[in-house]
Every structure is written in C-alpha cells, then in structure tokens.
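**Student:** Take this structure, written in structure tokens, and hold onto it; I'll ask about it next.
The values are calculated or read from the model by the stated rules, or taken from the named source; none is laboratory data. Here the structure is a predicted model, which is why all the values come from computation and not from measurement. Cβ coordinates were reconstructed from backbone atoms using ideal geometry, including for glycine residues, and neighbour counts include every protein chain displayed.
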Amino acid sequence: MTRTAFVYVTYIAASPQRVWDALLRPEFTRQYWGHDNLSDWRPGSRWEHRDSASGELRLAGTVVESDPPRRLVVTWAFPGDVGDPAAHSRVTFDLWPMGDMVRLTVTHDQLVPGSDMEKGILEGWPRVLSSLTRLDVKTVIAEGDEAAVFFELETVAPAAATTFVAEWMQMRNGRIQRVQSAFDGRPFAAIFGA
C-alpha cells in the first residue's frame, strides 16, 4: 500500500532551544495545543500525547531519533493502535537556525491514505503550528509584541500532489493583522479563527 506524507514549514523568531522547548515541554504545549507531550525524549522511549484537562491519552508512540534542539523523530498512533506497528505513522521535527529565526519543518509521513489519522492531521497540523506561532508572539518565544512570520504549508500526496502555500502573515500582539494568501481557497481567518 502506498503511504502519504505531509510537510509543513514555518519560520519562528526564536532560538532552536526555545522552539524545541515549545514543542515538547508540557507547560508550553498545553497553552497552544491543549495537550501535554510526555517523555524523556530519548531514542527507544515511549512518548504520550495527553489531554491537558482530562489526562486522557490521545496519541502515543516511540522516540525513534532525538538530537536536541535540532531533530526529533517519533512514531505516531492512536492509543488502540500502539501495539500494531503497521498502524503507526511517523512525525519528524527538523529545526534549522536561520539568522535570528528558526525554520521548523514538520513532516508527517507513513500515513495510510483515507485513514482517520490522515484526515485528522489535514486540519490538525495547520491549527497547531498556527497556534504555536501565535503563542510564540504572545508569551513563549517572543522577544517583543510584534513579529513578521512567514508561514508555509505544503501537502504532498504520491498520486496527485496538492500544495497549499501561505505566503506570510503579519502578527501584532498575537493577532493576525494581514494575510497575503489563502489556504485551500479559504481566508486564514476562517481556518485559524483570527
């Protein structure tokens, strides 16, 4: 069976360590993701994605590779599929310093076409990364109350590649002020609630 892959890229005005912490430390993830990411983040260790309010396990997997603060690779599965490696997908976080910014690339691959996981991440990753960049400007990573954020989303499917690209958005005090592109034909405000 052919698997699908989705790649999301965003640029954040912060150090790699601060972005790494915002992705993995529960005190940050619960603010923009509503979940706690829990692990010691060592290769071979289990990781869990738990609802911050209820503690309910939503996702789990294994840390495949960890090179703080540059690269993290984890398997990704619903709780009922943790024991079935064929049902696992994989997520890779790559952080590249670029001057005073970090290019964060999130690659979610080995997805079963048409699966609930694939359907969920189509909206999930854009929402999470949008919230991360908003959190970045508001409290976690920001150096000031204004930042220009280049936000690019790319979706790649093996049969018919589809690409969604957002050229950039201006954020001020954590609110999107101006958008120069749309996502899937809809304005960003309709998707991200800005």
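**Student:** Yes or no: Val19 assigned to a strand (DSSP E or B), aliphatic (A, V, I, L, M) and touching a residue at least 12 places away in the same chain (Cβ under 8 Å)?
**Tutor:** Against the criterion (assigned to a strand (DSSP E or B), aliphatic (A, V, I, L, M) and touching a residue at least 12 places away in the same chain (Cβ under 8 Å)), Val19 does not qualify.
**Student:** Tell me whether the stretch 22-31 contains one or more residues that are part of a loop (DSSP other than H, G, I, E, B), over 16 Å from the mean Cα position of the chain (by Cα), modelled with pLDDT under 95 and not basic (Lys, Arg).
**Tutor:** No - not one qualifying residue is present in the stretch 22-31.
**Student:** What residue, of Gly55, Gly61, is part of a loop (DSSP other than H, G, I, E, B) and not charged (D, E, K, R)?
**Tutor:** Being part of a loop (DSSP other than H, G, I, E, B) and not charged (D, E, K, R) holds for just one of Gly55, Gly61, which is Gly55.
**Student:** Could you check Phe93 against (1) closer than 17 Å to His108 by Cα; (2) without any contact (Cβ under 8 Å) to a residue 60 or more places away in the chain and say which number it fails?
**Tutor:** Answer for Phe93: the failing condition is (2).
**Student:** With the requirement that a residue be farther than 12 Å from Gln17 by Cα and in a loop (DSSP other than H, G, I, E, B), what does the stretch 64-107 give you?
**Tutor:** Phe78, Val82, Gly83, Asp84, His88, Gly99, Asp100, listed by residue number.
**Student:** Moving on to the next point. Taking into account only those residues within the stretch 77-126 that are of a type in the set (D, E, K, R), farther than 15 Å from Leu59 by Cα and surrounded by 15 or more Cβ atoms within 10 Å (Cβ to Cβ), which is modelled with the lowest pLDDT?
**Tutor:** Across the stretch 77-126, the extreme among qualifying residues is Arg103.
**Student:** Asp51: surrounded by fewer than 16 Cβ atoms within 10 Å (Cβ to Cβ), in contact (Cβ under 8 Å) with a residue 60 or more places away in the chain, of a type outside the set (Lys, Arg) and touching an Asp or Glu at 6+ places or on another chain (Cβ under 9 Å), yes or no?
**Tutor:** In short, no.
**Student:** So, one more: Quick one: in the stretch 20-79, which of the residues that are touching a strand residue (DSSP E or B) at 6+ places or on another chain (Cβ under 7 Å) and among the acidic types (Asp, Glu) is nearest to Val106 (Cα to Cα)?
**Tutor:** Glu65
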